Amino acid sequence: MVGRQPPRRRTAAIAPTLARALRLTVRAKPGARAPGISRSGEVVVVAVRERAIEGQANDAIVRAVATWLDIAPSRVTVERGTAARIKQLALTDVTEVQLAHAVERLPRG
């Protein structure tokens, strides 16, 4: 078989990897007067000005959490609870240690 080359093997440097996402459960407060992120006991509370209309509050929560953790908004997704106050977010590009330190630094509200 002239002209055929063997299939190329992928090296570890270019092989696709699946990023492991961390989960963070938050309580949403849409339509809040004062936006911000705080802690109530062990629960992270995300208050946003946007109302829960057509996903506006969810988008604002994603942006707020991304800013708080200093990651791109594309690295934060609402995994569960899009229509509920309690939401489970999937976070990529964040380590467990970084997330734990960020939560510890939150003001209690």
Any residue in segment 85-109 that is touching a residue at least 24 places away in the same chain (Cβ under 8 Å) and at positive phi sitting within a Cβ distance under 8 Å of a residue that is among the charged types (D, E, K, R) and assigned to a helix (DSSP H, G or I)? List the pairs, counting only those 6 or more apart or interchain. D93/R75
Yes/no for L24 being among the aliphatic types (A, V, I, L, M) and in contact (Cβ under 8 Å) with a residue 40 or more places away in the chain: yes
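Results for (1) out of contact with any Pro (no Cβ under 7 Å at 6 or more places or on another chain); (2) of a type in the set (K, R); (3) surrounded by fewer than 14 Cβ atoms within 10 Å (Cβ to Cβ); (4) assigned to a loop (DSSP other than H, G, I, E, B), shown as yes or no for each residue.
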residue: A34; (1), (2), (3), (4): yes, no, yes, yes
residue: S38; (1), (2), (3), (4): no, no, no, no
residue: A52; (1), (2), (3), (4): no, no, no, yes
residue: I61; (1), (2), (3), (4): yes, no, no, no
residue: T67; (1), (2), (3), (4): yes, no, yes, no
residue: V78; (1), (2), (3), (4): yes, no, no, no
residue: A83; (1), (2), (3), (4): yes, no, yes, yes
residue: A90; (1), (2), (3), (4): yes, no, no, no
residue: A100; (1), (2), (3), (4): yes, no, yes, no
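We did not get these values from a lab; they are worked out from the coordinates using the rules stated. Keep in mind that this is a model prediction, so the values were computed, not measured. Every residue, glycine as well, gets a Cβ built from its backbone with ideal geometry; the counts of neighbours run over all protein chains shown.
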